[in-house]
Amino acid sequence: MKRVFFSVFLALVVFSACQTSEEEKIYQILRQREEAFQKKDLSLYLSCISSDYQDKGEDFKRLKERIEGYFKTFDRIDYRSWDRSVNVAGENAEVVQQIRLEVERGGKRNQHSGTELLFLKKERGKWKIAKGL
């Protein structure tokens, strides 16, 4: 009986560790996106996005153009996220988080706060944002 209990316990620990690892990988990609906003680094930002990105009629190419426009237009972009929940289901994940986006141009500031819902998928072993921006 002890052996069965130990085997089940060990399996749960291993499963839990794998789940945490996937969540940590997702957190890393989200931190990378946040850094890309702060630095206005388009290639870093795009490295977080799936080449199959599709949301509200916007594909990867249009998203790239939109973000590039933001980086050129605004003098400063401050993006912060917190209170995040991650749900991993195989090769897909859903993230719900609170965000604050503040932009500045010519000394004028504009701020947006709210809830962000992102859908990620695993591509060649790496998590990418596939929908929700």
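The values are calculated or read from the model by the stated rules, or taken from the named source; none is laboratory data. Remember, it's a predicted structure, so these values are computed and weren't measured experimentally. FYI the Cβ positions are ideal-geometry reconstructions off the backbone, even for glycines, and counts take in every protein chain you see.
Can you tell me which residue in the stretch 113-133 is nearest to Val103 (Cα to Cα), limited to those that are in contact with a strand residue (DSSP E or B) (Cβ under 9 Å, 6 or more places away or on another chain) and not in a strand (DSSP E or B)? This residue is Leu133.
Condition first: modelled with pLDDT of 95 or more, of a type in the set (D, E, K, R) and either under 18 Å from Lys121 (Cβ atoms) or exposed (fewer than 14 other Cβ atoms within 10 Å of the Cβ) (or both). Can you find one or more residues in the stretch 1-21 that meet it? No; the residues of the stretch 1-21 include none that is modelled with pLDDT of 95 or more, of a type in the set (D, E, K, R) and either under 18 Å from Lys121 (Cβ atoms) or exposed (fewer than 14 other Cβ atoms within 10 Å of the Cβ) (or both). Considering only the stretch 80-89, how many residues are touching a residue at least 24 places away in the same chain (Cβ under 8 Å) and in contact with a strand residue (DSSP E or B) (Cβ under 8 Å, 6 or more places away or on another chain)? Looking only at that region, the number is 4.
Conditions (1) touching a residue at least 24 places away in the same chain (Cβ under 8 Å); (2) more than 24 Å from Ser21 (Cβ to Cβ); (3) not small (Gly, Ala, Ser), marked per residue:
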position	(1), (2), (3)
Glu34	yes, no, yes
Gln38	yes, yes, yes
Gln54	yes, yes, yes
Val103	yes, yes, yes
Gly114	no, yes, no
Phe119	yes, no, yes
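Within the option set Asp52, Asp59, Asp41, being at pLDDT 95 or above, surrounded by 14 or more Cβ atoms within 10 Å (Cβ to Cβ) and charged (D, E, K, R) holds for one residue only, Asp41.
To keep it simple, each residue is scored yes or no on (1) farther than 18 Å from Leu101 by Cα; (2) of a type in the set (D, E, K, R); (3) touching an Asp or Glu at 6+ places or on another chain (Cβ under 6 Å); (4) outside any helix (DSSP H, G or I).
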site	(1), (2), (3), (4)
Phe37	no, no, no, no
Ser43	yes, no, no, no
Ser51	yes, no, no, yes
Leu63	no, no, no, no
Arg66	no, yes, no, no
Tyr70	no, no, no, no
Asp78	no, yes, yes, yes
